[in-house]
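The values are calculated or read from the model by the stated rules, or taken from the named source; none is laboratory data. Computed from a predicted model, the values in this text were never measured in an experiment. Every residue, glycine as well, gets a Cβ built from its backbone with ideal geometry; the counts of neighbours run over all protein chains shown. Heads up: the accessible areas ignore ligands, DNA and RNA and are worked out on the full protein's heavy atoms, side chains in. Shrake-Rupley method; radii C 1.70, N 1.55, O 1.52, S 1.80 Å.
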Amino acid sequence: LGQIRLALVGQHFLRDGGSITLVSGIVAQEPIAQGVNATTVNAGLEGFVRAAACELPRGIRINLISPTVLSESLAAYGDFFPGFPNVPAAAVAQAYRRSIEGVQTGRIYPVGY
């Protein structure tokens, strides 16, 4: 709930037309072993973003970046994602740019799947 609270509080500090970008991950769609909490949180964040986009005031936009496992973190997390594609952090950074500088709101940007 930390990201949701941050968005709810943060909206009051943004200028008109500002942007909020949250992050989840592939486990919202593809659960993994020992990942029930992560799947629950990620799916909840996606629902929150879709709904909050309808209610945020002053043209504030909200989107969510949802990458698969990062190439740079395979040594630490790769065993949790057998058979999953991986994606470089640079590709995730481009999704952040699209979310922040683009015009869409309420979007989930999958990266690497």
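Is at least one residue of segment 59-74 within 21 Å of ARG5 (Cα to Cα) and either without any contact (Cβ under 8 Å) to a residue 40 or more places away in the chain or assigned to a loop (DSSP other than H, G, I, E, B) (or both)?
yes
Per-residue answers, yes or no, for (1) farther than 21 Å from ALA89 by Cβ; (2) within 17 Å of the chain's Cα centre (by Cα):
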position: ALA7; (1), (2): yes, yes
position: LEU14; (1), (2): yes, no
position: GLY25; (1), (2): no, yes
position: PRO31; (1), (2): yes, yes
position: GLN34; (1), (2): yes, no
position: THR39; (1), (2): yes, yes
position: ASN42; (1), (2): no, yes
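Consider GLY10 carefully, then state whether it is open to solvent by less than 30 Å² (accessible area, probe 1.4 Å) and assigned to a loop (DSSP other than H, G, I, E, B).
On the way: open to solvent by less than 30 Å² (accessible area, probe 1.4 Å): yes; assigned to a loop (DSSP other than H, G, I, E, B): no.
In short, no.
Take ILE20 and tell me if it is part of a strand (DSSP E or B) and either within 16 Å of the chain's Cα centre (by Cα) or free of Cβ contacts under 8 Å to residues at least 12 places away in the same chain (or both).
Details: part of a strand (DSSP E or B): yes; either within 16 Å of the chain's Cα centre (by Cα) or free of Cβ contacts under 8 Å to residues at least 12 places away in the same chain (or both): yes.
Considered against the rule, which asks whether it is part of a strand (DSSP E or B) and either within 16 Å of the chain's Cα centre (by Cα) or free of Cβ contacts under 8 Å to residues at least 12 places away in the same chain (or both), ILE20 comes out as yes.
Taking LEU56 as the residue in question, decide whether it is of a type outside the set (S, T, N, Q), assigned to a loop (DSSP other than H, G, I, E, B), modelled with pLDDT of 95 or more and surrounded by 17 or more Cβ atoms within 10 Å (Cβ to Cβ). Quick ask: steps written out before the conclusion?
Values: of a type outside the set (S, T, N, Q): yes; assigned to a loop (DSSP other than H, G, I, E, B): yes; modelled with pLDDT of 95 or more: yes; surrounded by 17 or more Cβ atoms within 10 Å (Cβ to Cβ): yes.
Taking the combined requirement at face value, the residue satisfies it.
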